[in-house]
Amino acid sequence: MSSTSDQPTGGLHSSDLPLSKRNSEKAHALGLTSATALVVGSIVGTGVFTMPAVMAGAGTMSIIVLAVIALGAMLLAVLFGQLTKRVPNSDGGVYAYARHEFGDFAGYLVGWCYWIQTWAGNAAIVSSWVFYVDALFNFSHPSGLGNWGIAMVGLWVPAAVNLAGVRQMAWFQNVSVVLKFLPLLFVGVAGWFFVQKANFGPFNASGGSLYSGIGIAAGVALFSFIGVEAAAVSAKRVRDPRTNVMRASVLGTVASALLYVLVTAVVMGLVAHHTLVGTGSPFVNAFQTMFPHSAWAGRFIAGLAVVSGIGALNGWTLIVTETSRAVAQDDLFPRPFAWTDKKGTAWFGILVGTALPSILMAWRYSTSSGLTVFTYLVDLSVVTVAIPYFFSAIAQLTFLVSRRRRVQGWQLARDLSIAGASVLFSMWVTFASGYQVVYQALVVLLIGLVLYAFLNARRERLGEASEPVDLPAEV
């Protein structure tokens with residue numbers, strides 16, 4: 001593919017582009033329906049199909065933890081909408097908010113962490129997706145190499161859809177959201193008629209303290225809500241973003257939250273606890289309980305999960321690309337990530353953002369298997385996304401306590417409550433993730449700082465960043 005106008009200068013904004021370029025971008029914009037589908041499709045991936053099994057390991061208290069995480073996600077949805085309304089150039093979402101309030105270094109730090117989370121999260125989604133492909137085609141004892149081959153299909157088909165352009169991506173996303181949301185809602189409602197009280201496990205099944213059980217549940221619960229920021233990150237692709245980003249974020253998060261709580265609780269009541277904690281495809285067991293004499297039930301839900309995963313990976317491939325493109329356009333990421341083709345597609349970002357989880361999956365499948373792969377990738381994604389959430393919250397908090405704010409009275413109290421709760425929520429998620437995961441995230445963050453040293457030196461040479469004044473050399 002060729003790149004057109006693909007050597008951006010630092011700080012290039014949409015208003016600086018030629019009229020024809022802006023018209024082209026409008027033609028590819030996402031309306032409210034497509035933006036909401038992007039949020040729902042990004043939140044409700046294959047994680048929901050594996051989540052009940054992981055949460056069962058924590059016990060029934062995980063349903064309460066899930067509800068608390070859902071409330072926190074809704075607050076974040078409102079917060080991202082408020083930030084999009086306020087920040088002049090919100091292209092890149094969480095990255096743009098941090099850069100606007102705290103400068104280039106903070107923007108880069110958030111952009112780096114979020115970019116790592118997006119493609120590592122894709123690896124987590126596809127690892128769950130593989131479980132259901134195995135169930136759909138009745139692969140009882142697949143090899144690690146075989147599962148890696150299946151994962152490659154799940155990663156590269158959405159990449160091809162995104163390379164075809166945003167319009168094709170939006171159409172694919174809308175269809176996949178409908179195909180997965182309605183059947184899951186059916187399970188969440190009709191499944192209660194088949195629930196048995198004896199299937200629910202103990203309140204705390206972690207084998208440790210209540211706090212450790214909460215940590216297990218909180219990690220996978222937050223991972224399942226990652227995507228609440230999808231419309232904000234893709235603000236450049238959203239029509240009338242100052243209005244539609246908040247609407248899409250809130251609508252998509254509320255719909256996903258209701259679905260999550262319903263289906264997680266009902267699956268715990270449909271499948272015996274000792275069976276649930278040992279399976280990677282709990283919805284297959286749940287459907288077989290609801291339709292015990294139907295040979296198609298297990299394969300139907302497996303096929304549904306496969307469609308759901310492809311839809312989620314389709315949306316997240318766009319988010320991976322939009323994140324790296326926005327940072328690269330401000331010259332805070334390697335410039336090739338801003339290269340675009342005639343359709344405005346950042347093709348280099350798509351290829352790299354798909355190749356990295358492909359490599360990660362090859363490594364994980366050669367060393368681990370089953371739920372171990374999924375849980376590891378979930379933990380890595382959760383902490384690396386909690387950092388951008390935290391920076392977004394304190395960016396809004398900084399504005400509200402400064403002299404620049406324009407809200408007064410009860411509106412100020414409301415906005416301070418939202419920002420403050422979002423700060424505490426992001427910190428709690430980090431603490432609850434455990435020491436090992438925080439350590440791994442710190443290593444990833446430090447690697448990013450090494451890259452920033454070279455990027456910042458280049459920006460200083462080009463006059464895009466001020467050079468510090470050193471003392472004269474001693475003679």
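We did not get these values from a lab; they are worked out from the coordinates using the rules stated. From a predicted model like this one, the values you see are computed outputs, not experimental measurements. So basically every Cβ, Gly included, is an ideal-geometry build from the backbone, and we count neighbours across all protein chains shown.
On a full-extension model of 0.36 nm per residue, what is the gain between LEU451 and ALA67, subtracting their alpha-carbon distance, rounded to one decimal in nm?
Details: separation 384, 0.36 × 384 = 138.24 nm, distance 3.84 nm.
Roughly 134.4 nm would be gained on extension.
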Reachable aspartates and glutamates, given that their alpha-carbon falls under 14 Å from the alpha-carbon of LYS197 and they are not under 8 places away in the same chain
none
Name the aspartates and glutamates eligible as straight-distance cross-link partners of LYS85: C-alpha to C-alpha under 13 Å, and not fewer than 8 places from it in the same chain.
ASP240
Once the Cα atoms of helix 296-329 and of the chain are each reduced to a long axis, what angle between those two axes, in degrees from 0 to 90 to the nearest 10, is obtained?
10
What nm value, rounded to one decimal, do you get for the distance between ALA362 and LEU412 when each label is placed 7 Å out toward the C-beta?
5.7
Consider the candidate values (1) 45, 25, 20; (2) 56, 23, 19; (3) 37, 24, 22; state which one is semi-axes √(5λ) of the Cα gyration tensor in Å computed from the structure displayed.
(3)
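Under the rule of -39500 (n - 2.57) per DSSP H run of 4 or more residues, summed and divided by the residues of the chain, what mean residue ellipticity at 222 nm is obtained, to the nearest 500 deg cm²/dmol? Please list the in-between numbers first.
On the way: 18 runs with 343 residues, N = 475.
It lands at -24500 deg cm²/dmol.
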Relative to the longest principal axis of the C-alpha atoms of the chain, give the angle of the C-alpha long axis of helix 409-432, reported between 0 and 90° and rounded to the nearest 10°.
60
In degrees rounded to 10, the 0-90 angle between helix 32-43 Cα long axis and the longest Cα principal axis of the chain is 60
Under a Cβ-only charge scheme (Lys and Arg +1, Asp and Glu -1), can you give me the dipole magnitude of the chain about the Cα centre, in debye to the nearest 20?
1140
